[in-house]
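Reviewing the structure listed below.
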Amino acid sequence: MSLTLEDKKAIVTEVAEVASVAHSAVAAEYRGLTVEQMTELRREARNGGVYLRVVKNTLAKRAIEGTEYECMQDSLTGPLILAFSQEDPGGAARVIDKFSKDNDKLIVKVVSIGGKLLGPGDIKAVASLPTKDEAIAQLMSVMQAPVAKLARTLNEVPGKLVRTVAAIKDQKA
């Protein structure tokens with residue numbers, strides 16, 4: 001069943017809105033995946049905060065026009081599924097990379113982050129980016145380290161005094 005002009009406009013608008021606020025995008029070829037596999041991929045994407053959509057390439061090109069993912073336009077050929085990270089920059093790459101390990105028919109075609117076009121081999125680097133919670137935890141541990149070291153240093157002075165007094169007591173006894 002073909003889409004009406006209004007349906008096409010609605011799809012382009014929806015994808016454009018998502019692309020305008022997304023942190024990163026991944027386009028992957030899904031040829032050969034079963035319906036069950038696609039359903040599982042969509043479930044994982046929902047759980048990971050990733051917008052996943054199969055869109056005709058001409059509509060996808062129009063949707064990403066004027067966004068930072070415009071650099072992907074030349075690479076949109078063949079049956080592709082678009083994944084946009086909505087919560088953290090590595091979300092879409094993590095979902096697609098994890099799913100493609102188990103399903104060799106899902107082939108990454110292009111990755112884009114921050115308006116920069118990356119090749120399919122760079123998906124591992126993008127997928128390894130920390131989530132927001134992990135990044136905050138890393139920042140907090142870096143900020144806490146000097147304070148903790150100062151506290152240990154200050155605590156060592158009375159500890160050394162106590163050990164010295166105990167050594168003198170043992171020596172006199």
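The values are calculated or read from the model by the stated rules, or taken from the named source; none is laboratory data. Please read all numbers here as calculations on a predicted model, not as lab measurements. With ideal geometry, Cβ positions are generated from the backbone for all residues, glycine too; neighbour counts draw on all protein chains shown.
One residue stands out in region 96-146 among those that are in contact with a Leu (Cβ under 8 Å, 6 or more places away or on another chain) and of a type in the set (Lys, Arg): the one that is nearest to Gln73 (Cα to Cα), namely Lys109.
Just to be sure, is Ala167 assigned by TED's automatic domain parsing to the domain that holds Thr67 and either outside any helix (DSSP H, G or I) or at pLDDT 80 or above (or both)? Criteria not met by Ala167.
I'm told Leu154 meets every condition in (1) surrounded by 11 or more Cβ atoms within 10 Å (Cβ to Cβ); (2) more than 39 Å from the chain's Cα centre (by Cα) except one. Can you identify the failing condition by its number? Leu154 satisfies every listed condition except (1). If you go through region 99-129, how many residues are surrounded by 14 or more Cβ atoms within 10 Å (Cβ to Cβ) and out of contact with any strand residue (DSSP E or B) (no Cβ under 7 Å at 6 or more places or on another chain)? Of the residues in region 99-129, 4 are surrounded by 14 or more Cβ atoms within 10 Å (Cβ to Cβ) and out of contact with any strand residue (DSSP E or B) (no Cβ under 7 Å at 6 or more places or on another chain). Scanning region 77-98 for residues that are crowded, with 20+ Cβ neighbours inside 10 Å, within 22 Å of Gln37 (Cα to Cα) and not small (Gly, Ala, Ser) yields Leu80, Ile81, Leu82, Phe84, Arg94, Val95, Ile96, Asp97.
Where the second residue is of a type in the set (A, V, I, L, M) and surrounded by fewer than 18 Cβ atoms within 10 Å (Cβ to Cβ) and the first is under 14 Å from Ile96 (Cβ atoms) and lies in region 13-38, which pairs have Cβ atoms under 8 Å and are six or more apart or on separate chains? Here the result reads Ala28/Ile107; Glu29/Ile107; Tyr30/Met38; Tyr30/Val54, each pair linking region 13-38 to a residue that is of a type in the set (A, V, I, L, M) and surrounded by fewer than 18 Cβ atoms within 10 Å (Cβ to Cβ).
Only strands (runs of 3 or more DSSP E) whose full extent lies in region 1-102 are considered here, and none of them has at least 2 residues that are modelled with pLDDT of 90 or more, among the acidic types (Asp, Glu) and closer than 19 Å to Lys116 by Cα.
Can Ser20 be described as exposed (fewer than 13 other Cβ atoms within 10 Å of the Cβ) and either assigned by TED's automatic domain parsing to the domain that holds Leu106 or over 18 Å from the mean Cα position of the chain (by Cα) (or both)?
Against the criterion (exposed (fewer than 13 other Cβ atoms within 10 Å of the Cβ) and either assigned by TED's automatic domain parsing to the domain that holds Leu106 or over 18 Å from the mean Cα position of the chain (by Cα) (or both)), Ser20 does not qualify.
Scanning region 107-137 for residues that are part of a helix (DSSP H, G or I) and at pLDDT 85 or above yields Ile136, Ala137.
Scanning region 1-59 for residues that are basic (Lys, Arg) and either in contact with a Phe, Trp or Tyr (Cβ under 7 Å, 6 or more places away or on another chain) or farther than 24 Å from Lys132 by Cβ (or both) yields Lys8, Lys9, Arg31, Lys56.
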